[in-house]
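Novice: After the structure tokens below, expect a handful of questions from me.
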Amino acid sequence: MVDTYPRQRVDRGTDAVTAVAQHVRALRQSRGWSLDELSGRSGVSKGMVVQIEGAKTNPSVGTLSRLADAFGIAVGRLLEPAGTRTVRLIPATAPPLLWRSGYGGFARLLAGATDPSLVELWELQLQPQDRYPAAANPPGARALLHLLVGSLVVNVGDDDHVVSTGETLDFIADREYSYRNDGETVALAVGVVVLPGTAS
């Protein structure tokens, strides 16, 4: 997903610089990434990341774009003043498609929030034979999956859990898990992942 912003730097000392610092630090820590790992994933130097998290520099839009891409979010989210937004409407076409299978299934990150915890809202559609693997989240992470259509098998650790239309599965998501569609029709679900202790 591409956000359109003027080709300029954020003015140093403004609320936007402070918001970027808070969001980048909270997102990095919630994923359990070191400064080196964020640098490697984003292509932004470690020194620059340190400066951004300390609100000591005015990052360019290009730098913000690389950081946002590493986190899988929109640039606009990094610029939002922390704790001041009360309502935000997200257009249907805005959420990024982060996974697509060879069968036509997909996963979209519908929205995310960083205060007081990092919360992600996902849309998941799996065609018959689809399998969506999810990496382990940091300790204490929790996931909720609600089936709107069809059924899915959710594998957590060594156990399979069948979730059918109208049912919701609540599980600890700090280990590898996966969703698969063993049925003959499409499965559509919404899910929430919560990573605690990520207040900015």
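Novice: Can you tell me how many residues in region 38-52 are among the aliphatic types (A, V, I, L, M) and assigned to a loop (DSSP other than H, G, I, E, B)?
Specialist: So the count comes out to 1.
Novice: Any residue in region 24-32 that is of a type in the set (Val, Ile, Thr) and modelled with pLDDT of 80 or more? Lay out the reasoning, then the answer.
Specialist: Step one: of region 24-32, the residues of a type in the set (Val, Ile, Thr) are 24.
Checking the rest, the ones that are also modelled with pLDDT of 80 or more come to 24.
Scanning region 24-32 turns up at least one residue that is of a type in the set (Val, Ile, Thr) and modelled with pLDDT of 80 or more.
Novice: Can you list the strands (runs of 3 or more DSSP E) lying wholly within region 53-169 that have 3 or more residues being at pLDDT 85 or above and over 22 Å from Ala21 (Cα atoms)?
Specialist: Ranges flagged: 106-113, 118-126, 131-134, 142-149, 151-156, 159-164.
Novice: Report, ordered by the first and then the second residue, all pairs with beta carbons closer than 6 Å, sequence separation of six or more or different chains, a first member in region 175-196 that is under 16 Å from Gly140 (Cβ atoms), and a second member that is assigned to a strand (DSSP E or B) and among the charged types (D, E, K, R).
Specialist: Val193/Glu120; Val194/Arg142
The values are calculated or read from the model by the stated rules, or taken from the named source; none is laboratory data. Computed from a predicted model, the values in this text were never measured in an experiment. Cβ atoms come from the backbone with ideal geometry, glycine included; neighbour counts cover every protein chain shown.
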